[in-house]
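Here's the structure, in structure tokens; my notes come after.
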Amino acid sequence: MQPIPFQPLQSWQDELREAITDPHALLTQLDLPMSLLPGAQAGDALFKLRVPYPYLSRIEKGNPNDPLLRQILPLQQETLTPPGYSQDPLEEQQANPLPGLIHKYTHRVLLILSGACAINCRYCFRRHFDYQDNQLGRNEWQAILAYLAAHPEVEEVIFSGGDPLATPDSRLERLIKDLEQIPHLQRLRIHTRLPVVIPSRVTPALIQLLAETRLQSVMVLHINHANEIDLSVTAAMQGLRQAQITLLNQSVLLRGVNDNVTVQKTLSKTLFDAGILPYYLFLFDPVAGASHFDLTEAEARQLMADLQAQLPGYLVPRLAVEIPGKPSKTLLAPMHYTRNHLE
Ligand code: SF4
């Protein structure tokens, strides 16, 4: 079936500006009971509610357990911080040699292009990140270029955030042109949720920019549930694919959102239909304020075993966890099969 051409009514900047940030307005829009309001306000005071309309429109009205709602609705539980949950679970501040640059792995660096996000995901491991101290002004950018030039082992630059696509196309173009001048850089990766949350962010200018750069372009989307992919997202992905941009997905395993095999299976198949390959499924990073999303490692590995039994290998994401100080992500094997399990 041919996707219906997506014609945004508003620019992505308008959609960003008009995002819902008031818990009362959110509950009203979604026909949810006002009994949720005190908890939503308590959570909002710690980490602001933010959800734009294109994403909101995919949430089922009147359903407090909607898997997309659970990702954005602030809750009273966010005021709890059990032992083992911290503000910087990945210890990124240890690998932050310059403002805006995180160098954890030898051959790639992560650049914090923007502290802004289109949506505030309640489980975000950077919900406490100090974006104020990591702003990229002209001087910081020049220092980053000098750092990259002096590190020939770095082959790949990852635009991250916040959401790096909160940066306007004209600025992205200038930054990419600067990076192209550093001969040892080969790839540009963009970690983003914006094309899912506001599909009109995939502008013709952005597609052209990524298609024309000499750097190989990879976009890693962040989608946790199949309901996040509607026709407008599919159409945006089609534009990127036509420009030969590799599309991967990484998701986070979240209790009450995607912690069962049926949901994961549907997610993988829907991603593939949209031209996106499942890449990573991350264990939740133990960030303060979001412990209610956590699953045990055993639960995650059992889920992967069940998923592996139901999908071809190329649709099974790699279960991974990020352990501070390790030279790469740590892959977790699915729970061991017994002979009975295979029969
Ligand atoms: S879009 Fe990404 S960086 Fe922004 S809040 Fe969500 S998970 Fe965090």
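Taken along the Cα-to-beta-carbon direction at a fixed 7 Å, the label points for Glu91 and Lys177 span 4.1 nm. Peptides 266-276, 78-88, 15-25 ranked from most to least packed give 266-276, 15-25, 78-88, packing being the mean of other C-beta atoms within 10 angstrom over each peptide's residues.
Near Ile190, the amide H atoms lying under 5 Å from its own belong to Phe159, Val218, Met219, Val220; only residues 5 or more places off or on other chains count, and H is placed 1.01 Å from N. The listed residues Arg126, Arg301, once ranked by accessible area (1.4 Å probe) with the largest placed first, stand as Arg301, Arg126. When peptides 158-171, 35-48 are ranked by their average number of other Cβ atoms within 10 Å per residue, the highest-first order is 158-171, 35-48. Among Lys269/Lys329; Lys61/Lys265; Lys269/Lys326, which pairs are too far apart, with a Cα-Cα distance over 28 Å? Check vs 28 Å cut-off fails for Lys269/Lys326. For the pair Asn63 and Asp31, the difference between a 0.36 nm per residue extended length and the Cα-Cα distance amounts to 10.7 nm.
Spin-label model, Thr21/Gln132: points 7 Å from Cα along the beta carbon direction are separated by 1.6 nm.
Comparing Ala290, His24, Ser251 along the charge dipole axis of the chain, the residue lying farthest to the positive side is Ser251, per the Cβ-charge model.
Within a straight-line Cα-Cα reach of under 26 Å, Lys177 can be paired with the following lysines, leaving aside sequence neighbours fewer than 8 residues apart in one chain: Lys104.
What is the P(r) of the stretch 45-101, as percent of Cα-Cα pairs per 5 Å bin from 0? The percentages, shortest bin first, are 4, 13, 17, 16, 16, 14, 13, 5, 2, 0.
Ratio of Rg to Rh for the stretch 1-128: 1.04 [Cα atoms; Kirkwood radius as inverse mean 1/r over pairs]. A 1.4 Å probe run over the protein chains yields, for the chain, 45 Å² of accessible area per residue, whole-number rounding.
Shown are Asp259, Asp285, whose ranking by accessible area with a 1.4 Å probe and every protein chain present, most to least, is Asp259, Asp285.
Put the Cα centre of the stretch 147-204 next to the Cα centre of the stretch 215-259 and the gap is 17 Å. Using the Cβ-Cβ distance between Glu212 and Gln238 with R0 = 25 Å, the FRET efficiency computed as 1/(1 + (r/R0)^6) comes to roughly 0.85. Based on a Kirkwood Rh over C-alpha pairs, give the Stokes-Einstein translational diffusion coefficient of the chain at 20 °C and viscosity 1.002 mPa s in µm²/s. D = 102 µm²/s. About its Cα centre, the chain has a charge dipole of approximately 460 debye under the convention of +1 per Lys or Arg Cβ and -1 per Asp or Glu Cβ, with nothing else charged. Ignoring everything except DSSP H segments at least 4 long, calculate the 222 nm mean residue ellipticity for the chain; use -39,500 (n - 2.57) per segment, divide by total residues, nearest 500. Helix-only estimate at 222 nm: -8500 deg cm²/dmol.
The values are calculated or read from the model by the stated rules, or taken from the named source; none is laboratory data. All values reported here derive from a predicted model rather than from experimental measurement. So basically every Cβ, Gly included, is an ideal-geometry build from the backbone, and we count neighbours across all protein chains shown. Quick note on the areas: whole protein, heavy atoms, side chains included, nothing else; ligands and nucleic acids left out. Shrake-Rupley method; radii C 1.70, N 1.55, O 1.52, S 1.80 Å.
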